[in-house]
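All of the numbers you see were taken from the coordinates with simple rules; none came from a lab. Being a predicted model, the structure only gives us computed values, none of them experimental. Heads up, the Cβs are rebuilt from the backbone with ideal geometry, glycines too, and the neighbour counts pull from every protein chain shown.
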């Protein structure tokens with residue numbers, strides 16, 4: 001498997017940010033880490049080994065970046081409003097730096113899909129829904145789509161505008177809706193076992209249907225837990241059967 005590590009100083013985040021790329025051709029899958037993890041998390045947990053057939057065959061090229069959760073919602077020493085600012089800076093980093101980097105290292109017409117598990121699932125979905133003009137869809141595994149699950153009671157406009165469960169019901173800009181509806185790849189996957197929240201996925205699925213947004217909801221059984229063995233099965237399955 002072709003593997004490349006790179007980095008640059010991010011103007012949005014005011015720090016060096018690394019990125020890993022796996023593969024040589026195909027549509028792009030941008031992995032967003034879980035919780036407070038880094039850009040090599042998916043590699044450490046053997047996800048790339050399970051994706052190797054799709055990467056080596058040229059079906060997809062996979063990218064992975066650092067999270068900013070430990071500098072935002074998962075940092076108990078920050079003021080909540082500063083957490084929200086950092087969250088927005090992360091969004092800008094992805095949209096204005098990572099997406100152009102992917103296009104530069106792939107091709108300008110590359111289809112790009114965000115993908116994440118756990119907290120990364122919310123980020124993956126949010127990044128797509130807010131910029132469907134530059135991101136083509138999202139794969140979200142074992143997520144919740146209500147940002148207040150992570151804000152410990154804090155609420156402001158920036159929480160609202162980064163919480164899909166809140167802003168999608170009131171989304172009435174036809175330009176955005178048409179771009180979102182044009183995606184053939186909005187995938188919500190979850191288990192029903194320990195630490196999973198299938199009802200959160202069903203609620204968000206209903207929100208999407210209420211806006212006329214086609215998507216793929218798949219709730220796996222009670223033996224499917226919120227853990228890496230689940231995601232190592234889910235993502236290859238999605239790439240094999242849905243793309």
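Here, region 135-243 is characterised by an Rg to Rh ratio of 0.98, where Rg is the alpha-carbon radius of gyration and Rh the Kirkwood radius. Eigenvalues of the alpha-carbon gyration tensor of region 21-132, scaled by 5 and square-rooted, set the equivalent ellipsoid semi-axes at 26, 16, 10 angstrom, largest first.
D by Stokes-Einstein for region 61-107, Kirkwood Rh over Cα pairs, 10 °C, 1.306 mPa s: 135 µm²/s. Of the residues 75, 136, 91, the one that moves most in a GNM of the chain with alpha-carbon contacts below 10 Å is 75.
With distances taken between every two different alpha-carbon atoms, region 3-242 has a Kirkwood hydrodynamic radius of 17.9 Å. Report the antiparallel proportion of the DSSP beta bridges in region 3-242 as a percent, rounded to a multiple of 5. Bridges in region 3-242 are about 35 percent antiparallel.
Just to be sure I understand: with springs between alpha-carbon atoms less than 10 Å apart, which residue in 175, 228, 73 has the highest mean-square fluctuation in the Gaussian network model of the chain? Between 175, 228, 73, it is 175 that shows the largest mean-square fluctuation. Between 171, 129, 147, the residue with the greatest mean-square fluctuation in the GNM of the chain (Cα pairs under 10 Å linked by springs) is 171. Taken along the Cα-to-beta-carbon direction at a fixed 7 Å, the label points for residue 203 and residue 148 span 0.9 nm.
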